[in-house]
Amino acid sequence: MSSDFVTLAYTPFVDAMSIHAQWYLLIVPMVFFVAVGYKAVRVTDMKRYWRNVFAFVVQVLGVMAVLAVGFTIVITVLVPMLAPMPG
Amino acid sequence: MNTGSDRHDGGVNAVAGICAVLLPGLGHMVSGRMHRGILAMVGVLGLFGLGLLVGGIDAVDSKSGTDRFWFMGQAMVGPVAFGVDYVHQNHFKAYDMSTGQLRTGNPFEARVHNGAHWIWEALPADRIEAGELGDANVPGLGRLNEIAMLCCALAGMLNLIIFLDALLPTGYGGRREEHWSQGGKLPANFVHTIAKNTGDKEGL
């Protein structure tokens, strides 16, 4: 049997998705659903619900982005300065 | 005081608590907070569904290795999580006859019933020739599997907050915000406590 004869069938909710290269993008729907559920029981005035959800999502993603930049600087700049590798 | 809020004051709402255990958001719906209940349901089930969509049914597993620890969080979603786990254990797993262990299948394995149990057997040649890969579902691997299990566990923890809000439908933060935003007066004992803590002599 030739390898190109086999195709992987994908059944939603049964088989895992093959999006290994884009795993970090999953934080967006994850934070959105957390915000929708959490703000549903936290906001006092439901008229401001979607504004609160949006603020929650932006805050979490913003902090994550800042942390990512910070850790990138630590790993690529500070650590090589503090502990330079030979060669 | 009518603050315009749909928050209810005081006591334990046992009926809402029981309904919240049965289905995320149902507790709010039966206590008259339909809008909040629907949004809570969308949040919890959306997060749980996202986990299943990304990691497949393998993301919910109460009996396999370290996955069982994730299931402790996932179980807080309620009967939905237990239902998914039941389907996973009984319709997607089978026994490995060489080890006697219940496990997920591998590619080119068929799930067959030997009269007593479902077992994994090598896929018959005719089915391989027909281009089949077998009966096993594709399990999540690496980061995607972790994210999928995390989504489902987060859904459980989120549902715990929603359950508590349905069971005990008052919130200090919510009431305080209502008082300030509506220009209302705080209860006398509350004002006294604040004044005592801040050293405000007029409040005392």
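The values are calculated or read from the model by the stated rules, or taken from the named source; none is laboratory data. In this text the structure is predicted, and so the values were computed from the model without any measurement. Cβ coordinates were reconstructed from backbone atoms using ideal geometry, including for glycine residues, and neighbour counts include every protein chain displayed. For accessibility, only protein heavy atoms count, side chains too; no ligands or nucleic acids. Shrake-Rupley method; radii C 1.70, N 1.55, O 1.52, S 1.80 Å.
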Report summary line: Scanning segment B:108-133 for residues that are closer than 24 Å to residue B:62 by Cα, part of a loop (DSSP other than H, G, I, E, B) and in contact with a strand residue (DSSP E or B) (Cβ under 6 Å, 6 or more places away or on another chain) gives B:117
Query raised in the report: Does segment B:139-162 contain at least one residue that is within 14 Å of chain A (Cβ to nearest Cβ) and assigned to a strand (DSSP E or B)?
Result: no
Query - Unmet requirement for residue A:15, which otherwise passes all of (1) in a helix (DSSP H, G or I); (2) charged (D, E, K, R); (3) more than 20 Å from the chain's Cα centre (by Cα) - result: (1)
Report summary line: In segment B:16-62, residues that are at the interface with chain A (Cβ under 7 Å from one of its Cβ atoms), surrounded by 24 or more Cβ atoms within 10 Å (Cβ to Cβ) and over 25 Å from residue A:13 (Cβ atoms) total 1
Report summary line: When segment B:83-102 is checked residue by residue, the ones that are part of a helix (DSSP H, G or I) and not polar (S, T, N, Q) are B:83, B:84, B:85, B:86, B:87, B:88, B:91
Query - Any hit, segment B:86-109, residues being touching a residue at least 40 places away in the same chain (Cβ under 8 Å) and of a type outside the set (Phe, Trp, Tyr) - result: yes
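In this structure, is residue A:66 more than 8 Å from chain B (Cβ to nearest Cβ) and either within 13 Å of the chain's Cα centre (by Cα) or at pLDDT 90 or above (or both)?
So residue A:66 passes the test.
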Query raised in the report: Given the structure, is residue B:116 more than 9 Å from every other protein chain (Cβ to nearest Cβ) and more than 34 Å from the chain's Cα centre (by Cα)?
Result: no
Query - Single condition residue B:180 does not satisfy, out of (1) modelled with pLDDT of 90 or more; (2) open to solvent by 50 Å² or more (accessible area, probe 1.4 Å) - result: (1)
Report summary line: Over segment B:108-150, the set of residues modelled with pLDDT under 90 and among the charged types (D, E, K, R) is B:109, B:111, B:121, B:126, B:127, B:129, B:132, B:135
Query raised in the report: Is at least one residue of segment B:66-82 open to solvent by 20 Å² or more (accessible area, probe 1.4 Å), part of a loop (DSSP other than H, G, I, E, B) and under 12 Å from residue B:149 (Cβ atoms)?
Result: yes
Requested in this report: Would you check if there is a residue in segment B:106-118 being among the β-branched types (Val, Ile, Thr), out of contact with any Ser or Thr (no Cβ under 7 Å at 6 or more places or on another chain) and surrounded by 17 or more Cβ atoms within 10 Å (Cβ to Cβ)?
Outcome: no
Query raised in the report: From A:21, A:35, A:9, A:55, which residue is surrounded by fewer than 12 Cβ atoms within 10 Å (Cβ to Cβ) and at pLDDT 90 or above?
Result: A:21
